[in-house]
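Written out below as structure tokens is the structure these notes cover.
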Amino acid sequence: MTTLGLVGVPSSVAAHWPGQERAPAVLRAAGLVERLRQSGHEVHDHGDRPVRRWAAHPAAGEPNNVGGVIEVLDDARAAVAAVIEAGETPVVVGGECTLTIAVISAFAAAGQDVGLVYVDGGQDLQTPADHPHEPIADGMGVAHLLDLPGTAPALSGFGPRRPLLTADQVCFFGYADDEEDVHGRVPSWRFPVASVAPDPPAAARLALAAVTSVTSRFVVHLDVDVVNFLDLPAADVPQYRGLTLAQVTSAVTVMAGHPGFAGLVLTEFNPDHGEPDGSTAGRLAEAVAAVFRPAR
């Protein structure tokens, strides 16, 4: 069993509105750490980074509060770098989708090349140039990892190299936003929700075969909006065409059990949208722990 290095990044700075900054604390209260330890892994809990709450700081041609976003990413990258240096497998609990930029940057700075399996209801390929009327960095994470035209230089240049990833190192999994790459700019591996739903573990094995044909190790980005909001009312921005929580868990379990698995980033849980009795957080904490349990 590997040692999991748990880091909480309680921030909503890159989001549409506040709420996500509460996610790490709420998941801890729901027993996340204990459940992870019951999976059979040693867990080194590195604690939570400082809480950063959403604020409006618009600037023409840039995502909202881009300076604040960079501050969060700088801090998160340093925390993840310590986990990697310790030889642990990062489990990063956010927080926003942009956190994956910090995680990939930390691996790159450590001289470790990793791919990215992007388990998300969207592909996050928006740019400030394409979406000037919705300047939210949360929907732009992969665009900046790939340094697409029209991205914000402060984000696309966040790392020891630029771009941080090439398109063939990215695999989109479970998304429902068919319109997002209408220009065909990004020749990545793609497994939309319709191809995943019939057999999520089989789809996961195909996705891993694809991404590991390019890079031997990979990080899994898990945005809770890949789950149908009516099944798990957790996402910061709901979507209703997604997979069930059970389907997502079965797929990510295959990913976490692969020898190339390098870490997990959990994003977009907004406790303000969950059930008031705490059952949403409990189900999510249990699902995260379940993906690390050995197959029976």
Inset, instruction - Mind checking the per residue accessible area of the stretch 1-155 for me, 1.4 Å probe, whole number of Å²? - result: 35 Å²
Legend entry - Residue of Gln123, Gln38, Gln169 that the Gaussian network model of the chain assigns the largest fluctuation, springs spanning Cα pairs under 10 Å: Gln38
Legend entry - Solvent-accessible area per residue for the stretch 157-296 (1.4 angstrom probe, square angstrom): 41 Å²
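How would Glu88, Glu286 rank on accessible area, largest to smallest, probe 1.4 Å? Present the calculation step by step, with values, prior to reporting the outcome.
On the way: Glu88 30, Glu286 65 Å².
Largest accessible area first, the list is Glu286, Glu88.
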Legend entry - Extension gain from Asp231 to Ala197, taking 0.36 nm per residue of separation minus the Cα-Cα distance: 10.8 nm
Legend entry - Solvent-accessible surface (1.4 angstrom probe) belonging to Ile101, in square angstrom, nearest 10: 0 Å²
Inset, instruction - Whenever you get a sec, compute what percent of the accessible area on the stretch 117-266 sits on carbon and sulfur atoms (1.4 Å probe). - result: 59 percent
Legend entry - Full-extension gain in nm, Ala154 to His44, via 0.36 nm per residue minus C-alpha separation: 36.4 nm
Legend entry - Carbon + sulfur, % of accessible area of the stretch 1-82 - ligands and nucleic acids excluded, 1.4 Å: 54 percent
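Could you work out how much longer the chain between Thr166 and His133 gets when fully extended? Use 0.36 nm per residue separation minus the Cα distance between them, nm to one decimal.
Details: separation 33, 0.36 × 33 = 11.88 nm, distance 2.73 nm.
Here the answer is 9.1 nm.
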Legend entry - Cα-centre dipole for the chain with unit charges at Cβ (Lys and Arg positive, Asp and Glu negative), debye to 20: 780 debye
Legend entry - Residue with peak Gaussian network fluctuation, the chain [Cα springs, cutoff 10 Å], from Asp177, Asp223, Asp120: Asp177
Inset, instruction - Would you work out the charge dipole size for the stretch 91-199 about its Cα centre, treating the Cβ of every Lys and Arg as +1 and the Cβ of every Asp and Glu as -1, and quote it to the nearest 20 debye? - result: 480 debye
Inset, instruction - Provide the solvent-accessible area of Thr166, counting protein heavy atoms only and rolling a 1.4 Å probe, rounded to the nearest 10 Å². - result: 70 Å²
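Using just the Cα positions, wrap the stretch 1-143 in a convex hull and report its mean projected area in square nanometres, one decimal place. Intermediate values should be presented prior to the final figure.
On the way: hull surface 35.0 nm².
The number I arrive at for the stretch 1-143 is 8.8 nm².
Using alpha carbons only, what's the Rg to Rh ratio of the chain with Rh from Kirkwood? Please list the in-between numbers first.
On the way: Rg = 17.1 Å, Rh = 18.5 Å.
That ratio is 0.92, to two decimals.
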Legend entry - Principal axes of the stretch 121-169: Cα extent on each, largest first, Å: 30, 24, 15
Inset, instruction - Quick one: dipole size for the stretch 142-289, taken about the Cα centre, charges +1 on Lys/Arg Cβ and -1 on Asp/Glu Cβ, in debye to the nearest 20. - result: 720 debye
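The values are calculated or read from the model by the stated rules, or taken from the named source; none is laboratory data. None of the values given here were measured: they were computed from a predicted structure. Positions of Cβ are generated from backbone atoms using ideal geometry, with glycine treated the same way; all protein chains shown enter the neighbour counts. With ligands, DNA and RNA removed, areas are computed over all heavy atoms of the protein, side chains included. Shrake-Rupley method; radii C 1.70, N 1.55, O 1.52, S 1.80 Å.
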